[in-house]
Amino acid sequence: MSRYQVRITDEAERDLEDIFDYIARHYAIDKANYVLAELEKRITALELTPQRGHYPPELEQLGIKSFREVFFKPYRVIYEINDSKVIVHVCVDGRRDLQTLLARRLYRY
């Protein structure tokens, strides 16, 4: 089984930090650590099985099938597979309106 190199963009790193900070501030540090660990598990698993993710519906309806996503509900990790690399572009709460965020971050690719 081939391994993929997983890279997290600076924007996605900031997303993870923002998620952690929000949960720690509004709920508890233990919960923030748990959510971050679960998101990191999903990201790390992309080394072996990046194709398991599905196309984000907001992009698929525009005919864009170069990105995929995996979940730790309600959080979404949106990435692309490029040869032997997986590039994580977005880690976000799926309850947000994603059209603007995805347009700003992904449509340029």
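Some observations on this one:
- Farthest positive-ward along the stretch 5-105 dipole, Cα basis, beta-carbon charges - from Asn82, Phe20, Gly63: Gly63
- Order of Val90, Val6 under a 10 Å beta carbon neighbour criterion, fewest first: Val6, Val90
- Intensity falloff of the chain expressed as log10 I(q)/I(0), Debye formula with alpha-carbon point scatterers, at q = 0.09, 0.13, 0.20 Å⁻¹: -0.22, -0.46, -1.06
- The Lys85 and Ala37 beta-carbon pair, evaluated with R₀ = 25 Å, returns a calculated FRET efficiency of approximately 0.60.
- Dividing the helix sum by the residues of the chain, where each DSSP H run of 4 or more adds -39500 (n - 2.57), gives a mean residue ellipticity at 222 nm of -13000 deg cm²/dmol.
- Taking a Cβ cut-off of under 15 Å around Arg95, the surrounding Lys, Arg, Asp and Glu residues balance to a net charge of -3, with basic ones at +1 and acidic ones at -1.
- Among the DSSP helices (H) of the chain, those spanning at least 18 angstrom by Cα along their long axis with an average Kyte-Doolittle hydropathy of -0.5 or more are 29-45; this is a geometric and hydropathy rule only.
- The loop-placed GluC sites (Glu not before Pro) in the stretch 1-92, going by DSSP, that have at most 16 neighbouring Cβ atoms within 10 Å of their Cβ come out as Glu47.
- Once C-alpha pairs closer than 8 Å and six or more residues apart are averaged by separation and normalised to the residue number of the stretch 16-109, the relative contact order reads 20 percent.
- Computed from phi, the 3J(HN,Hα) profile of the stretch 85-90 under the Karplus parametrisation 6.51, -1.76, 1.60 (θ = phi - 60°) reads 10, 10, 10, 8, 9, 9 Hz, with x in place of Gly and Pro.
- Filtered trypsin sites (Lys or Arg not before Pro), the stretch 2-109: DSSP coil and at most 12 other beta carbons within 10 Å: Arg3, Lys65, Arg95, Arg96, Arg108
- Annotation: amide H-H contacts under 5 Å for Gly94 (H modelled 1.01 Å from N, sequence separation of 5 or more, or interchain): Tyr75, Arg76.
- For the chain, the Cβ-based charge dipole about the Cα centre amounts to some 260 debye (Lys, Arg positive; Asp, Glu negative; other atoms uncharged).
- C-alpha center-to-center spacing [the stretch 71-86, the stretch 1-44] in angstrom: 12
Values in this text are rule-based calculations from the coordinates and carry no lab data. These figures come from a predicted structure and were not determined experimentally. Positions of Cβ are backbone-derived with ideal geometry, glycine not excepted, and every protein chain shown enters the neighbour counts.
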